[in-house]
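Data block below; observations after.
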Amino acid sequence: MLSVLSGSAVLLPGFGVYSMEHNVVASFVFTRNSGLGGGTLGYRFKATIGLELHVQLLAAQKLFSAASAKWNEPPNTNVNVADAGFPGALPQLNPECVQLAARAILALNGQIQQRSAFDRKHYFYADQPLGYQITQQHHPIGRGGYVDLGLLDGLEYVKRIGIHQLQLEQDTAKSIHGVYPGHVLVDLNRAGVALIEIVSKPDVETADEAVFYVRKMQSLLRHIGVSSCNMEEGSLRCDVNVSVYRDGEDRLSGTRCELKNLNSLKVIRGAVNAEISRQIDVVRRGDNIEQETRGYDAQSNTTFVTRTKEAVPDYRYMPEPDVPEIHINDSWIARLRKMLPETPEVVMARMMPQYGLTQEDIETMLGEPGCTAFFEQAVVGRDPKRVLSWITSEVFGQLAYRSQRLADSSITVPQFTQIIDALSSDAITSAQAKQLLIAFMDGEQRTVDELIAAHRWEVISDDGKLRVISKQLLDAHPKEVARYLKGQTRRLNFFVGKLMQATNGQAKPQNASEIMKELLEARR
Amino acid sequence: MQLLLTRIKANRLRTACRYSTQLLKDTYEAINAHNPRLNALPHIHPPSSIQEANGPLSGWSFAAKSNIAAPPLPTTCGSHTLASYTSPFVATAVSMLEQAGARMIGTSNMDEFGMGSLSQTSVHGPAHNLHPEHSSALHSPGGSSGGSAAAVAARMCRVALGSDTGGSVRLPASWCGVCGFKPSYGRVSRYGLASYASSLDSVGILARSTRDIRDTFNIVSAPDRRDMTCMSKSLRTRIHALSASREWISRDTECASEPLRGVRIGVPSEFWVTELSPSAVDAWKQGAAKLSSLGCDIIPVSLPHIPHTLPAYYTLALAEASSNLARFDGIRFGTRHMPTLSTRANASLKYAQTRSMGFGDEVKRRILLGTFVMSARAHEHYYLPSQRIRRLVQREFNRIFALPNVLCTTNTKADARNVDKVDAILFPTATDTAPVQGTSDNPVTAYVNDVMTVSANMAGIPAISVPFGLHNGMPLGLQIAAQYGDDDIVLRIAHYLEPQAA
C-alpha cells in the first residue's frame, strides 16, 4: 500500500487499474445537452487541463526585503523602500524563501536547479510599484516532479499529475477599487511577499482531478510548513487552463482558455465544468475557440471573457540585473532533504494501522503543520483516540479562537500530556482540563499538579458525599422528580446539572449521572 | 540603548569645535565665486551645518551627484519628476564617507537620470565648465556627472561622487581637467544610487589627484549586503591574492627612475576611430611615450568587437533604463500630475500624465527606445544580439589581460608566460575637447562621444581618466583600464601618468 501511494507504481492492487477511460467527460456533456441529440454527432470529447497555483510562502519576511510578510495588518504598514520602489533601493534576496521553495520542490519529487535566476516581467498597474514583477521565467528554481492522486484523495483510480516547473516570484500590492469614486487605493503590505508558482503539466482531465490536485497540494504544502494555502485569505490562488479535443485526436490540439481568480475548491470545480461544456458547445457548433482569459460566475454557472488574446500585454521579460543567480549545491540539498518530514501519504499509511485512526483523523491533523509530530510525542503510552480528540477538538478550537498556528502556540507536549494524564486518572474533570488547556495556551508556566493545588481542585470521588447532596436536591425539587417519574427521563440532566453546580464542577459527570439515576429510580 | 547612543553622539557633535578650518573657508569661497557661473551644485549645505568629525578623511569636503541619496538634501536625479524628492535613506557610499570624517557640501548637477554627455538636460539648468579660464564662452563640463567634475575642478569640494553607466564619470573628468575613476562593477555599493542601467552602473569618484581618488576609493570600496551585486568579502580576497601574485611587476620602491618597470601597457587599435581629433591622437601618443619612459612595455593589442559595443551598449542600457524608470509614476513619491479626463478611465493610464509631464525629451526618447528593444518582436533582433556582443567583449578583454578574470577562473596565480598579454590598456577618454554648452542638439552625435568609454562598463572593468594637457585652453584626458577587479593597477599607473607626478 505504502509503495503504491508514494512511489511510481500505476497499479493499486485490488482497487482497479490506472486507465484513461475514467476521464471521458463526454457522457457528462451529453446528459447536460441531452436535447441536442449528441449521439448523432458521435463525438466524444475530452478535456486537457493544466493548473497554475500561486502559493504564498510562510516566510516571516518578504522575498526581497526585510519588511514583515504578515497578512491582515493595517494598510501600508509592512513596507520598506525596496517594496515601494524608491530610487536607489535594491532587492535583497531572503534565503528563507529560497529554502521554503526548495522544500516544496523536494516534497513534490522535483529537481532543485543548481542554477536559477530571476527575470523582470513588466506591466504598468497601480498594484505593481516597481513597474515590473521579479519572477523566474526562464530559469526557475524547480523543474519536474509530480503529485499522485488516488483513493485516499477522493479519486476512484490512480493518477499522476506532473509538475512542469516551480518558480519563486513576488506578490503584487493590493488595489482597492470603489471606496472613493474615481480613486484607486493601494495597500503595499502584500507587495513583494514571496510566492511560489507551481505550474502543472496538462495532465489533468476532469474537474474532479483538478479539485483533488489542489486539495492534495494544500495538504502537502501545509504539512511541510511551506504555506498555509488558505484560499479565502489568498495564500493560495489558482488559475486553470482548459482546452477540449475529440477523443482520438491529439490531446493538446485544442485552443486553451485560462480561467483566472478561482478562489475556492467549489469554484474550481464549477468553473472547469462550465468551461468544458462551453468549449464543447462551441466546437460542436463548428466555431473556433478563441484563446482568452475568462472568469467564472457561480450564480449563472458560466464563464465569461475578461481579456482577449489581443489585450495580453507584452511583458518584455528581462534578466533581473539587481539579483545574481542562485547557485545551490548538492550538500545543501541533502541537508534540506534530511529536514523534510515524511510526506502526508507516508504519514497516513504508517499512522492509520499504528494508532487505529481513520483517514479523516489524520487528514485533520495534517492540515495543521507540526500536528502529527505533536500527536506522536503525546500519544506514547496513552489512548490514541483520546489524545486525538483532545488535539482536534480542544486544542484546534483554541487555536481557531486565537487565530494561531500550533507551531506558534505556547503549549508544549509535556503540558498537554499532563492534562490528559490528570484527566485519565480522574484527578480533574474535563471542564477543569479545558481550563488548564486555556491557561497553558495563554503562557502558563506552572505544572498541572501545581495548578491543581493552587486551584484547590479535587474531584469528589466519595460517592457517599455525592449521595447526600443528591438527596437534598431531589427533596428540593419535588415537581421535577414527579415529571421524571411520569416518564420525562430527560429530567435526569436537570438534576445532574444541579449536582455539578452544587459541587462546583468537582463531581465526575459519569458518577453524578449514575448516582442521580439510581436515587430517582429508587423513588418510583 | 540605540537612542541613547545616538543622543550622546549628537551631543558630542554639537559640542565639537565648529568646522572653521581654512579648508572650509576655501570651499565656500570657491562655491560663492564659481557656482553661479558653473551651476555645478544646485543644493548646498549651509556652512553652519557642517560639523567637524574624526576619521581618515577628516577635513575633506565632498559633493554627491544628484542621483545618489544624501538626505536632507533632495535627490532630484536632475529631473522634474523628482524635483522635490528627498530620499528617506542614505546611500552606502555617502554614509561611508561621512563615517570616515569627510563632510558633504552639496549635491551636484547632472543630465536628467544620467542620460546625456553634456550636463544640459537638468531640471536645475545646464552646468558649465571652468575651462577655458578667463573666457566668456560657456563650455559643457561633459556628462552626465558634469556638476561633480566642474565642482572638483573649481575646488568647491575635494572629491565628488558620480555615477558611470557608459562614461558619465570619465568624460566630464576629461573635459574638466580632473581625474575620474569608474571602479570594477560591484566594487562600490550601488545602494542609494538611483538606477539607470543596473548591470552597467558604477558609483565613481572624481578628484584633482589620483591620490585623493585612491584614499576615497579605499573607504567606499567595501562589501554591502544591501546591494547583492556588490562584491563579497571572499571575492575581494580572491582578487587581491590573484593580483598580488604578479611577480613581474616591480614594486614602487624598487626603481625610482622606472617605477612602472615590467608593466605591460596595451594600445588597442580599435579606439583609433575616425571621430578622434588630432589633439586626442596627440595626447594618446604622448601618454604612451611617457609610460614607456617610466618603464612600461607598450604593446599594440586588438579588441575586434569594440566597434560593436556602442550600439550594443545603447540597446542594453536603454532596455534597463525603460525598466528601472517604470517606478516613477507619482503614486508613492515624486511630482504627480493629475490625469486628464480621457486617461482617467483606464487604470494603467492613470499616471500616464505624470510620466509624460515629469520626464524630459531625452529621458522619454531613451525609455521609448528601451521599451521597443525589449518588445516581443524586437527582443530577438536587438536585445539578445546585444547581450551576445557584451559577452564577446568581456571575452576579448579576458584574452588580452595577463591577469585572469576572477569570475572565469579557478587559478590562484596570474599567468606570466604569455608575453602578448598586457596589464592595462591606454586610450583617450574622449574623441575631442568639450564643446560650447548648448551647441549640440543632435542626440546621435552625442551618443557617438561614448564610443571611448562604454566598453569598460560593458565588461565591468575598472577605468580611470587622467588629465593630460590642454588643447586650445581645454583639458583632455587619457584613460587607463585593466582586468575586472584590478582597480589597484589602474590607480597605480594613473598616479604616474598625472601631471604632478611628472
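The values are calculated or read from the model by the stated rules, or taken from the named source; none is laboratory data. What you are looking at is a predicted structure, and each value in this text was computed from that prediction instead of being measured. Positions of Cβ are generated from backbone atoms using ideal geometry, with glycine treated the same way; all protein chains shown enter the neighbour counts.
Residues that are on the phi < 0 side of the Ramachandran plot, without any contact (Cβ under 8 Å) to a residue 40 or more places away in the chain and outside any strand (DSSP E or B) do not occur anywhere in the stretch B:460-482. Taking the criterion of being surrounded by fewer than 21 Cβ atoms within 10 Å (Cβ to Cβ), at the interface with chain A (Cβ under 9 Å from one of its Cβ atoms) and among the aliphatic types (A, V, I, L, M), the only residue of the stretch B:374-390 that qualifies is B:Ala376. For the stretch A:69-95, filtered to residues that are of a type in the set (S, T, N, Q) and either touching a residue at least 60 places away in the same chain (Cβ under 8 Å) or away from every other protein chain (no Cβ under 14 Å) (or both), the residue that is nearest to A:Gly142 (Cα to Cα) is A:Asn94. Restricting B:Thr92, B:Thr121 to those that are in contact with a Phe, Trp or Tyr (Cβ under 6 Å, 6 or more places away or on another chain) and either within 30 Å of B:Arg336 (Cα to Cα) or touching a residue at least 12 places away in the same chain (Cβ under 8 Å) (or both) reduces the list to B:Thr92.
Given the condition of a type in the set (Lys, Arg), more than 10 Å from chain B (Cβ to nearest Cβ) and either without any contact (Cβ under 8 Å) to a residue 60 or more places away in the chain or buried (at least 18 other Cβ atoms within 10 Å of the Cβ) (or both), answer yes or no: does some residue in the stretch A:96-104 qualify? Within the stretch A:96-104, one or more residues are of a type in the set (Lys, Arg), more than 10 Å from chain B (Cβ to nearest Cβ) and either without any contact (Cβ under 8 Å) to a residue 60 or more places away in the chain or buried (at least 18 other Cβ atoms within 10 Å of the Cβ) (or both). On the stretch given as the stretch A:70-110, residues that are in contact with a strand residue (DSSP E or B) (Cβ under 9 Å, 6 or more places away or on another chain) and outside any loop (DSSP other than H, G, I, E, B) total 9.
Taking residues in the stretch A:171-189 that are facing chain B (nearest Cβ under 10 Å), and partners anywhere that are surrounded by fewer than 14 Cβ atoms within 10 Å (Cβ to Cβ) and in a strand (DSSP E or B), the pairs with Cβ atoms closer than 8 Å and at least 6 places apart or on different chains are A:Val184/A:His177. Check the stretch B:74-82 and report whether any residue there is away from chain A (no Cβ under 11 Å), among the hydroxyl-bearing types (Ser, Thr, Tyr) and more than 20 Å from B:Pro141 (Cβ to Cβ). There is no residue in the stretch B:74-82 that is away from chain A (no Cβ under 11 Å), among the hydroxyl-bearing types (Ser, Thr, Tyr) and more than 20 Å from B:Pro141 (Cβ to Cβ).
From the list A:Asp171, A:Asp239, the one residue that fits, being touching a strand residue (DSSP E or B) at 6+ places or on another chain (Cβ under 6 Å), buried (at least 21 other Cβ atoms within 10 Å of the Cβ), charged (D, E, K, R) and under 20 Å from A:Asp127 (Cα atoms), is A:Asp171. Consider the stretch A:293-323 and keep the residues that are aliphatic (A, V, I, L, M) and assigned to a strand (DSSP E or B). The one that is farthest from the other protein chains (Cβ to nearest Cβ) is A:Val305.
Applying the criterion of being within 20 Å of the chain's Cα centre (by Cα) and away from chain A (no Cβ under 14 Å) to the residues of the stretch B:83-102, the residue that is nearest to B:Cys157 (Cα to Cα) is B:Ala102.
Count of the stretch A:49-68 residues, restricted to those that are away from chain B (no Cβ under 14 Å), assigned to a loop (DSSP other than H, G, I, E, B) and surrounded by fewer than 24 Cβ atoms within 10 Å (Cβ to Cβ), is 3. If the condition is being acidic (Asp, Glu) and touching a residue at least 40 places away in the same chain (Cβ under 8 Å), then the stretch A:359-407 contributes A:Glu363, A:Glu368, A:Asp383, A:Glu394. Apart from one condition, A:Ile469 fits all of (1) touching a residue at least 24 places away in the same chain (Cβ under 8 Å); (2) under 24 Å from A:Leu436 (Cβ atoms); the exception is (2).
Of the residues A:Glu290, A:Glu258, only one is free of Cβ contacts under 8 Å to residues at least 40 places away in the same chain and either of a type in the set (Ser, Thr, Tyr) or not in a loop (DSSP other than H, G, I, E, B) (or both); which? Result of the check over A:Glu290, A:Glu258: A:Glu258.
Checked against (1) touching a residue at least 24 places away in the same chain (Cβ under 8 Å); (2) part of a helix (DSSP H, G or I); (3) within 23 Å of A:Pro384 (Cα to Cα), A:Gln510 passes all but condition (1). Can you find even one residue in the stretch B:198-211 that is more than 14 Å from chain A (Cβ to nearest Cβ) and in a loop (DSSP other than H, G, I, E, B)? Checked against the condition, which is being more than 14 Å from chain A (Cβ to nearest Cβ) and in a loop (DSSP other than H, G, I, E, B), the stretch B:198-211 yields at least one hit. Being of a type outside the set (Lys, Arg) and within 14 Å of chain B (Cβ to nearest Cβ) holds for only one residue in A:Ile333, A:Ile362, A:Ile326, and it is A:Ile326.
Taking the listed residues B:Ala222, B:Ala244, B:Ala256, B:Ala289, the one that is closer than 30 Å to A:Val323 by Cβ, out of contact with any Pro (no Cβ under 8 Å at 6 or more places or on another chain) and surrounded by fewer than 17 Cβ atoms within 10 Å (Cβ to Cβ) is B:Ala222, with no other qualifying. The residues on offer are B:Gly143, B:Gly162, B:Gly114, and the sole one that is buried (at least 24 other Cβ atoms within 10 Å of the Cβ), farther than 23 Å from B:Asn218 by Cβ, away from chain A (no Cβ under 14 Å) and not hydroxyl-bearing (Ser, Thr, Tyr) is B:Gly143. Looking at the stretch B:183-212, which of its residues are in contact with a His (Cβ under 9 Å, 6 or more places away or on another chain) and either surrounded by 24 or more Cβ atoms within 10 Å (Cβ to Cβ) or closer than 22 Å to B:Thr75 by Cβ (or both)? Answer for the stretch B:183-212, where residues must be in contact with a His (Cβ under 9 Å, 6 or more places away or on another chain) and either surrounded by 24 or more Cβ atoms within 10 Å (Cβ to Cβ) or closer than 22 Å to B:Thr75 by Cβ (or both): just B:Thr210. Criterion first (touching a residue at least 24 places away in the same chain (Cβ under 8 Å) and farther than 22 Å from B:Val444 by Cα) does B:Thr335 satisfy it? Criteria met by B:Thr335.
Note on the stretch A:357-451: enclosed helices (runs of 4 or more DSSP H) holding 2 or more residues that are within 21 Å of A:Ser219 (Cβ to Cβ) are A:359-366, A:371-378, A:384-389, A:396-402. Within the stretch B:50-89, being without any contact (Cβ under 8 Å) to a residue 60 or more places away in the chain and polar (S, T, N, Q) holds for B:Gln51, B:Asn54, B:Ser58, B:Thr76, B:Thr86. B:Ala69 meets all of the listed conditions (1) modelled with pLDDT of 95 or more; (2) within 14 Å of chain A (Cβ to nearest Cβ); (3) surrounded by fewer than 24 Cβ atoms within 10 Å (Cβ to Cβ) but one, namely (3).
Look at (1) modelled with pLDDT of 95 or more; (2) surrounded by fewer than 20 Cβ atoms within 10 Å (Cβ to Cβ); (3) more than 12 Å from every other protein chain (Cβ to nearest Cβ) and you find that B:Phe62 fails only one, number (2).
The condition of being touching a strand residue (DSSP E or B) at 6+ places or on another chain (Cβ under 7 Å) and either within 14 Å of chain B (Cβ to nearest Cβ) or among the basic types (Lys, Arg) (or both) holds for only one of A:Arg222, A:Arg215, A:Arg256, that being A:Arg256.
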